[in-house]
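Engineer: Take a look at the following structure, please.
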Amino acid sequence: MSYLIVVPLLPLLAALFVWVTGPRLRDRGARLGVLPVVAAFAGAVVTLVLVSSQGPISVRLYEPGAAANLALPIGFYFDRLSAVMMTLIALVGTIIYLYSTGYMYQDRGYHRYLGLIAFTTFVLLCMVSSANLMMLFVFWQILSWLLFLLAHNHTHTATLEGAYKTFTLLRVGDAAFLAGIVLAHALYGTIEFQELFVRAAATPVILSPLPGLEISGATAVTLLIFVGAMSKSAQFPIHIWLPSSLYAPTPVHALLHAGIINAGGFLLNRLAPLYGLSSTTLHVVFVVGMLTAVLGASMMLVQNDIKKTLGFSTIGQMGYMIMECGLGAFALAVFHLIAHGLFKATVFLNCGNVIHQVRQEPASPHARHAVEEHELPRLTWATGFLTTLLLPLVILLVTHGVLRIPLLESQGTVIFLFFIWITSSQAILTLTRLRAVASWKVSVAMLLTLLFVVFTYLFAAEAFTHFLYPDPREVAFYFQAAALPGRLFDGLVIGTTLLTVLGWVYL
């Protein structure tokens, strides 16, 4: 099983090969460089099969007891979470590398760019398979530097400014993350994941940072680490770096929005047993995620630039992901980031083609294809109003009664209702812009879209939860820790309902 450590290292081999032989072999060398990345994907699939059947696999190049003597204790821990993330990252990395060989072939920094794509894939694979907090943080930090380098065209003023803003804001999260690691080691004496979880649960610690103020050690550590997750996953108010970084080549954004920005959700899942010890932190996570989801979904609808539209869409989806973690639905958050990652990578890779075609238009496409604005048809409005409010609630109640999925007991209702209400309203508002389409066609599209999203999200997420966290007691523990006070829970559901109603009334 120790040979599994080769899997994360294969993209590093690809990066070195392209950087060394690229200028000599040119296009041939770039295309040969994809072979180790493809091999990494195959190895990730094998790893997923092994850990699914045989359990977690740990490969350490050090003695855990003597880890404090090492500047960087290097080891790998492969479980279902890391194997799923490795498979996603290697798959997306392979597709983006292959796409980039054609998309960027005329660029002067062609081989440097391809090497950075492969190196970033290596860093991501090592990060999700790290055996301890310090190794994870080192690769987390390298990722922050790579985001600056991946901006690529640093001679362009706006690109350089966006890269500096990204680099600066990520420093805030990285500093808080490092402070959380230092505090965790000071309180519990270890940075090994499993040992840290056991000690934190066995020996609760109370801190008093200010006179009269007491906070548990788990809460302090998880809040600091959460700031790091907020920065990487573009959570409010540290989200402003993402729209500013959109001048990079579109394949970079495919990798960013499908892999790098998911780091926050992965980090919370990796430390889920620690977060389960602090209801306070989980409530903070929920609030931050909810605010980010509303902000991203709202801002997306008012953009007139394709990249910014997709960028704010990603911010909104990352808000959902973090919000799900805040409600204890850690497996659901991983399912969400996988679905969003595959979708957003595809959209961004096609985004470059759309931009290129628009630039070839002899006249402004907006002037040429302008459509006269009409009043929103009543049939379209009524369909959108009723389906976004009533249909999700009916489906949830039927699912709860027939399939015995314990949504109500675990407060999972707010997850699904919030996601379905906001997302379906967002999709339907977008569909209403198709003024040239007959109203009944728009209405049918609304219903089919909503049914597809709800049922796919509900049933696939339930199955994925059983796969990622097979022990139902662990899942129940997370939901119990994240349970909201009854009045707050009811207020959120009522508030979301009123928000949706007011949106349709305004429209």
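Engineer: Looking only at the range 181-206, which residues are among the hydroxyl-bearing types (Ser, Thr, Tyr), modelled with pLDDT under 85 and either assigned to a helix (DSSP H, G or I) or under 11 Å from residue 221 (Cβ atoms) (or both)?
Structural biologist: Correct list: empty.
Engineer: Further question: Which one of these does residue 317 not meet: (1) surrounded by fewer than 24 Cβ atoms within 10 Å (Cβ to Cβ); (2) in contact with a Lys or Arg (Cβ under 9 Å, 6 or more places away or on another chain); (3) at pLDDT 85 or above?
Structural biologist: (1)
Engineer: Find the residue count for the range 203-218, including only residues that are buried (at least 20 other Cβ atoms within 10 Å of the Cβ) and touching a residue at least 60 places away in the same chain (Cβ under 8 Å). Steps first, please.
Structural biologist: First, the residues of the range 203-218 that are buried (at least 20 other Cβ atoms within 10 Å of the Cβ): 217-218.
Restricting the remaining residues to those that are touching a residue at least 60 places away in the same chain (Cβ under 8 Å) gives 218.
The total comes to 1.
Engineer: Right, here's the next one. Among residues belonging to the range 271-291 that are out of contact with any strand residue (DSSP E or B) (no Cβ under 8 Å at 6 or more places or on another chain) and outside any helix (DSSP H, G or I), point out the one that is nearest to residue 227 (Cα to Cα).
Structural biologist: 271
Engineer: In addition: Would you check which residues across the range 112-122 are over 16 Å from residue 248 (Cα atoms) and either touching a Lys or Arg at 6+ places or on another chain (Cβ under 7 Å) or surrounded by fewer than 23 Cβ atoms within 10 Å (Cβ to Cβ) (or both) and list them? First the steps, then the outcome.
Structural biologist: Of all residues in the range 112-122, those over 16 Å from residue 248 (Cα atoms) come to 118-119, 121-122.
Result: 119, single match.
Engineer: Moving on to the next point. So which of 166, 190 is crowded, with 21+ Cβ neighbours inside 10 Å, in contact with a Phe, Trp or Tyr (Cβ under 8 Å, 6 or more places away or on another chain), of a type in the set (S, T, N, Q) and not assigned by TED's automatic domain parsing to the domain that holds residue 30? Even if it seems obvious, please write down each step before you answer.
Structural biologist: On the way: 190 fails: in contact with a Phe, Trp or Tyr (Cβ under 8 Å, 6 or more places away or on another chain).
It is 166.
Engineer: Whether any residue in the range 475-487 is more than 15 Å from residue 384 (Cβ to Cβ), modelled with pLDDT of 75 or more and surrounded by fewer than 12 Cβ atoms within 10 Å (Cβ to Cβ) is what I want to check. Walk me through how you get there before you give the answer.
Structural biologist: Going residue by residue through the range 475-487, those that are more than 15 Å from residue 384 (Cβ to Cβ) are 475-487.
If we keep only those that are modelled with pLDDT of 75 or more as well, we get 475-485, 487.
Now restrict to residues that are surrounded by fewer than 12 Cβ atoms within 10 Å (Cβ to Cβ): 485, 487.
Within the range 475-487, one or more residues are more than 15 Å from residue 384 (Cβ to Cβ), modelled with pLDDT of 75 or more and surrounded by fewer than 12 Cβ atoms within 10 Å (Cβ to Cβ).
Engineer: Tally the residues that are modelled with pLDDT of 80 or more, in contact with a helix residue (DSSP H, G or I) (Cβ under 6 Å, 6 or more places away or on another chain) and not aromatic (Phe, Trp, Tyr), restricting the search to the range 99-110.
Structural biologist: Of the residues in that region, 2 qualify.
Engineer: Of the conditions (1) farther than 21 Å from residue 74 by Cα; (2) at pLDDT below 90, residue 131 satisfies every one except a single condition; which number is it?
Structural biologist: It is condition (1) that residue 131 fails.
Engineer: What are the residue pairs meeting all of these: first residue in the range 352-368, first residue within 17 Å of residue 310 (Cβ to Cβ), second residue surrounded by 10 or more Cβ atoms within 10 Å (Cβ to Cβ) and at pLDDT 70 or above, Cβ atoms under 7 Å, and 6 or more apart or on different chains?
Structural biologist: Sorted first by the residue in the range 352-368, then by its partner, the pairs are 352/103; 352/250; 354/306; 355/306.
Engineer: Moving on. Is there a residue being over 13 Å from residue 8 (Cα atoms), in a loop (DSSP other than H, G, I, E, B) and within 26 Å of the chain's Cα centre (by Cα) anywhere in the range 51-69?
Structural biologist: Checked the range 51-69: at least one residue is over 13 Å from residue 8 (Cα atoms), in a loop (DSSP other than H, G, I, E, B) and within 26 Å of the chain's Cα centre (by Cα).
Engineer: Pairs under 6 Å by beta carbon, first residue touching a residue at least 12 places away in the same chain (Cβ under 8 Å) in the range 52-63, partner in a helix (DSSP H, G or I) and not β-branched (Val, Ile, Thr), six or more apart or different chains?
Structural biologist: Final answer for the pair search is 59/2.
The values are calculated or read from the model by the stated rules, or taken from the named source; none is laboratory data. Because the structure is predicted, anything quoted here is derived from the model rather than measured. Every residue, glycine among them, receives a Cβ derived from its backbone with ideal geometry; neighbour counts consider all protein chains shown.
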